Structure formats: structure tokens, C-alpha cells
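In what follows, a structure is listed as C-alpha cells, so that the remarks can point back to it.
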Amino acid sequence: MLPSYAECPRCAEREGRAAAPPPVQPAPPQQPVYAAPPQQPVYAAPPPQPVYAAPPQQPVYAPPQAPPPAPPPTPLMDAPSTWAPPPQAYPPPPQPGQQDVYYIGNNNKKRMPPWLGAVLAIAVLGGGLFALYKYVGSRNGTDTPASAKLETPGEQAIAGHPYQKHLELAALRLIESDKKVSLRFSVVNHSAADLAGVGLRVTLTTTAAAPGDAPLSVFDAKVGDVGAYGVKDMEVPIKTAKRVYELPDWQFLKAGFEITAPK
């Protein structure tokens, strides 16, 4: 019989003998259990100690000090004098054959020659006489004004007329009809008396016109009678080189006038 048959449990039953108990397996060795290391005790920080402020120091008062004694006065005569007159520059003596040079004080500047002073005086005097001639000529009417260059009215204005301060031209309007320009305006009488036979020479300009600019138009207007505190509307054709759309608006128009009638 082979040895393997003796170890087979079936073979033992067949042979009528008890089977041997199975071998007991040894228990595996247990792993060692390590205990956790003991924790270190945690010590709490001590509470902060209170900080006590130092008591305020008492002010120390120093006794007032006496001012230092003043030095004794020193006589002015004993002090050394440091002032010295400034040096003066004198012109060198003229050399023989050299033109004389004139000086003023200590400044090395040449004087104006007499002939040059005479020329300047004559020029200033001539300029003053020319300006006086132009002024007197303009006052006497020798110069032609800008209004006369544009148009010469038929009547002559009367200077210093008593009606001048009582009349006013207002409500200026420019109107074009059949390619002709007309001016509508109102003559206002601010006096308590009736004004009869009023004639005006009107100069139409703009509010932005300079004193030397030519006016837009100059014309005569026969106003006639204007009652006390009355207003009379007028429409007069004017001559101008511009069309009505080229002329300024009514708010930029300005009309000056001189009284030609009654004389």
C-alpha cells in the first residue's frame, strides 16, 4: 500500500478504523500593540503684570535771571572811522587834435550835440503845428465827413436847434419793395408843446460802427407836425449799396439825426 493511501480518510473508513483528527493549525502571532506616547503637559502663559505709570513730575520753577548789564557807552570820537568817499572818475585830458567830448557828472556819457537838439526841437514844433492845423480844419468843416462822401442832402442842418433835445427816432425797420429799400421809423416828441414843420437829416449806421466807418445811408425826412407827447410813423426810401438781406437786423440799427427845419 502506498503511503498516500494511509493518509486518506476515506481509506480508513473503508478499512473500518477511525480517522485521525485534522492537524491543528497554529494561531498566527499577534502584532504588538504600541501605546500612544503620553502627551506633554501644556503650560498656560502667566497673566501680564499691570504697568504702573510714573507719577507726573512737579514743575521746577527757576528764579528769574537778571538781564546782563549794559556795556558802558563808547564815545563816537574814539571809534575808528571806516567811511571813505567813493572814487571819482575824471575824464582824461583832451589830446591835441582830438574833438572835445562833454561829460555829465561822473557818468561817462556823451552830451547831445547842439545841432541834433535843434533838429529835434524843430520836428516837435512842426508836428504840433500840423496837429493843430488838422484839428482846426476839422472844426471849421474843411475836411469832408464820411456822410458827405456817401450822399449830400439837399438841406443844411441847423446846429444847436431847440427841438434837438425833445425828439427821438425809434422802432427802426428796413423794408424792401420792388427792389427798393425803405426805412420805417417813429418820431417821438417828448415835449409838452406841438412841434410844427419838422425836417430831419437822418444818418443810418449800426451799433458796431467805428467813428471813422461810413454810414449805411444818409437821407432827408420831412416829418411835418408832431403833437405834444405824440408819435408819428414815417417810411422813407433810402439809397444804399446793399440789399435788405445784407443789412443788419433792427436791433443792430442806429439812427442819428440833425434838424433842418424849422429854421
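The values are calculated or read from the model by the stated rules, or taken from the named source; none is laboratory data. Everything numeric in this text was worked out from a predicted model, so none of it was measured. Virtual Cβ from ideal backbone geometry, glycine too; neighbours counted across all protein chains shown.
Computed quantities for the displayed model
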quantity: For A192: the one exception among (1) modelled with pLDDT of 90 or more; (2) within 39 Å of the chain's Cα centre (by Cα); (3) surrounded by fewer than 12 Cβ atoms within 10 Å (Cβ to Cβ); calculated: (2)
quantity: Out of A255, A221, sole residue that is free of Cβ contacts under 8 Å to residues at least 40 places away in the same chain, not basic (K, R) and not in a loop (DSSP other than H, G, I, E, B); calculated: A221
quantity: Residues (surrounded by fewer than 21 Cβ atoms within 10 Å (Cβ to Cβ) and more than 16 Å from A170 (Cα to Cα)) located in the range 201-218; calculated: A208, A209, A210, P211, G212, D213, A214
quantity: Complete set of residues in the range 217-242 that are at pLDDT 90 or above and aliphatic (A, V, I, L, M); calculated: V218, A221, V223, V226, A228, V231, M234, V236, I238
